[in-house]
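Data first, discussion second: the structure below is written as structure tokens.
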Amino acid sequence: MSKLKAKLHEKIEGWRPRTTKLLKEHGDVKVGEVTISQVIGGMRGVKCLTTDISYLDPFEGIRFRGYTIPETLERLPKVPGCEMPYVEGHVYLLLTGEIPTEEDVADVAEEFRKRRKVPQYVFDLLRALPRDTHPMTMFSAAVVAMQRESEFVKAYNAGVSKMDYWEPTYEDMLNLLAKMPEIAAYIFRMKYRSDTIIPADPDMDFGGNFAHMMGIPKPYDEVSRLYFILHSDHESGNVSAHTGHLIASALSDMYYSVSGLINGLAGPLHGLANQEVLRWIQGVMERMGGKIPSEEEMKQFVWDTLNSGQVVPGFGHAVLRKTDPRYQAQREYCLKYLPDDSIFKYVDLLYKVVPPILQELGKAKNPWPNVDAQSGVIQWYYGVKEYDFYTVLFAVGRTIGVASNIVWDRALGYPIERPKSLTTAMLEEIAGIK
Ligand code: CMX
């Protein structure tokens, strides 16, 4: 048994009685009051999910297993000669809640290495799709096509005990995650680099190998590590995380769940916003003939967007009420490595002009930028100008957190999810409307 798996075993055994006690002895304790606006309005703020992988405070932002983004980046073991940590170490942290040692990281890296080989039929499938298929569709299709590999399905069909569901789920997580960078890079090279595929390098780490297969030199490996870590988790209620959890709650396996989370992430109100930001900026640049707009001109572009009934992509959030620390982490990267980049200047100008406009409009509860406002800038700078690819990067990262959650869902025996719905007439009756 690998070190990671043994550690996880120990953790799960210690954790199960806590969940059982909460359910058996405190199951009737009221957790908040649900209102009609919460029932109709996308369940905002309803406390009805549980996860120990990450927690999102509206004003502080995300903590991964209790660590803020700067703490996570600082404490995880670093790739030699690099500033960014191993993605493998972050996988260990999210799964176990502990900062890994160098040895733990090497163990996870070895697990990934053993499981990297992508079945040929996945590439055949990608090639069979029309070349102009959106990369998120390709990615989702590739993942669900591998469902036949599921260890969970094999174990389930062989009658595995409920208590052991998590083990084949864990195997599915590592098997799938190990292949995702190669599939993502394959889609990129096939679609946008004249089909010149670069084979994986077995000696490289998760982020470094991804940059290598993308064909982009250093420091793109650092960018990849940063991206995958930043996008990994945002507690359980966001569309991609919740979709993954919901699908898995029916005991659908990891492949079905991850394909589903990719589909949810592909919405413009969620992960696709990073592509929308670049598309929007390109539109502004065209209208400006490439020159940086003045503050007044930029304000006008923002008002034009709002007046035409569209949202300003990259701004606002369902939970956050301040600038997203994931935005800040990427902004700091830009200030260090690409302060004079023209798109960065556009994005920085937007940071200045959009919040006061959204505040003046008075609708958005959070006028501040989210993770998606900044991520395309860095990609563009390193030559990934095909912005419909950006959400694929988000999806690789998000899978780390959602898959970790699903392993724990199975370990703690969370049941099939089934909230209750009411009719409008019932709500009207409750509200006293005749
Ligand atoms: N531009 C214009 N209007 C906005 C806005 C924005 N960036 N953000 C919110 N609003 C509007 C909403 O559309 C809503 O209007 P209506 O009452 O007319 O429907 C109103 O303000 C209230 O919305 P809210 O409660 O503040 O925000 P929600 O929780 O409903 O939605 C989000 C959150 C992210 C979907 C929304 O802020 C938005 O559409 N942002 C732009 C898209 C985006 O950047 N998405 C990425 C989010 C991060 C991620 O998941 O990846």
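Here, each number is a calculation from the coordinates, and none is a lab measurement. Note that the structure is predicted; figures quoted are calculated from it, not measured. Glycine also receives a Cβ, built like all others from the backbone with ideal geometry; neighbour counts cover every protein chain displayed.
For PRO100, what is the net charge nearby, where nearby means another residue's Cβ is under 10 Å from its Cβ and Lys, Arg count +1, Asp, Glu -1?
Local net charge: -3.
Under the rule of -39500 (n - 2.57) per DSSP H run of 4 or more residues, summed and divided by the residues of the chain, what mean residue ellipticity at 222 nm is obtained, to the nearest 500 deg cm²/dmol?
My calculation for the chain gives -19000 deg cm²/dmol from helical runs alone.
Based on the Cα gyration tensor of segment 153-310, what are the three equivalent ellipsoid semi-axes, each the root of five times an eigenvalue, rounded to whole Å and given largest first?
37, 23, 13
Mind putting a number on the dipole of segment 273-381 about its Cα centre? Charges go on the C-beta only, +1 for Lys and Arg and -1 for Asp and Glu, and I need it in Debye to the nearest 20.
With Lys and Arg at +1 and Asp and Glu at -1, about 320 debye.
Given springs between every Cα pair under 10 Å in a Gaussian network model of the chain, which of GLU33, GLU60, GLU417 has the largest fluctuation?
GLU33
Identify which of LEU358, LEU176, LEU261 has the largest mean-square fluctuation in a Gaussian network model of the chain, with springs joining Cα atoms closer than 10 Å.
LEU358
So for the chain, averaging the separation of alpha carbon pairs under 8 Å that are six or more residues apart and normalising by length, what relative contact order in percent results?
It rounds to 21 percent for the chain.
Based on alpha-carbon centroids, what's the gap between segment 351-381 and segment 46-124 in Å, whole number please?
The two parts, judged by their Cα centres, are 27 Å apart.
What are the principal axis extents of the Cα atoms in the chain, in Å, biggest first?
Result, largest extent first: 67, 64, 43 Å.
Can you compute the FRET efficiency between GLU103 and MET285 using 1/(1 + (r/R0)^6), with r the Cβ-Cβ distance and R0 = 41 Å? Round to the nearest 0.05.
Taking R0 as 41 Å, the efficiency between GLU103 and MET285 is 0.25.
Once R0 is set to 25 Å, what does the formula 1/(1 + (r/R0)^6) return for the Cβ-Cβ distance between ASP304 and GLU386, expressed as a FRET efficiency to the nearest 0.05?
For ASP304 and GLU386, the calculated efficiency is 0.45.
Need one number for segment 231-330: average projected area of the convex hull over its C-alpha atoms, nm².
So the mean shadow area of the Cα hull is 8.1 nm².
Please order THR19, THR196 by the number of other Cβ within 10 Å, starting at the fewest.
Least crowded to most crowded, the residues run THR196, THR19.
Straight-line reach from LYS299: which aspartates and glutamates fall under 14 Å, measuring Cα to Cα and dropping same-chain residues less than 8 apart?
Cross-link targets: ASP348, GLU360.
For LEU422 and ARG193 in the same chain, what is the full-extension length gain: residue separation times 0.36 nm, less their Cα-Cα distance, in nm?
Here the segment from LEU422 to ARG193 would lengthen by 77.3 nm.
Please report Rg (one decimal) and Dmax (integer) in Å for the Cα set of segment 326-434.
Gyration radius and largest Cα-Cα distance of segment 326-434: 21.2, 62 Å.
Checking the table LYS11/LYS47; LYS5/LYS114; LYS291/LYS345; LYS30/LYS322; LYS363/LYS434 against a 18 Å threshold on Cα-Cα, which pairs fail?
With Cα atoms farther than 18 Å apart: LYS11/LYS47; LYS30/LYS322; LYS363/LYS434.
Using every pair of alpha-carbon atoms in segment 273-381, split the distances into 10 Å bins beginning at 0 and state the percent of pairs per bin, rounded to integers.
15, 51, 31, 3
Quick one: if the Förster radius is 22 Å, what FRET efficiency do MET43 and LEU269 give, using the C-beta to C-beta distance and rounding to 0.05?
It comes to 0.90.
Between GLU332 and GLU360, what is the label-point separation in nm under the 7 Å Cα-to-beta-carbon projection?
3.2
Please give the net charge around ALA248, taking every other residue with its beta carbon less than 11 angstrom from that of ALA248, where Lys and Arg add +1 and Asp and Glu add -1.
-3
Taking H as built 1.01 Å from N, whose amide H comes closer than 5 Å to the amide H of PHE315, not counting residues under 5 places away?
Placed amide hydrogens put ASN370 under 5 Å from PHE315.
So, in Å, what gap is there between the alpha-carbon centers of segment 202-238 and segment 283-331?
Cα centroid to Cα centroid, the span is 26 Å.
Net charge within 14 Å of ALA200 by Cβ-Cβ distance, Lys/Arg positive one each and Asp/Glu negative one each, not counting ALA200 itself?
+2
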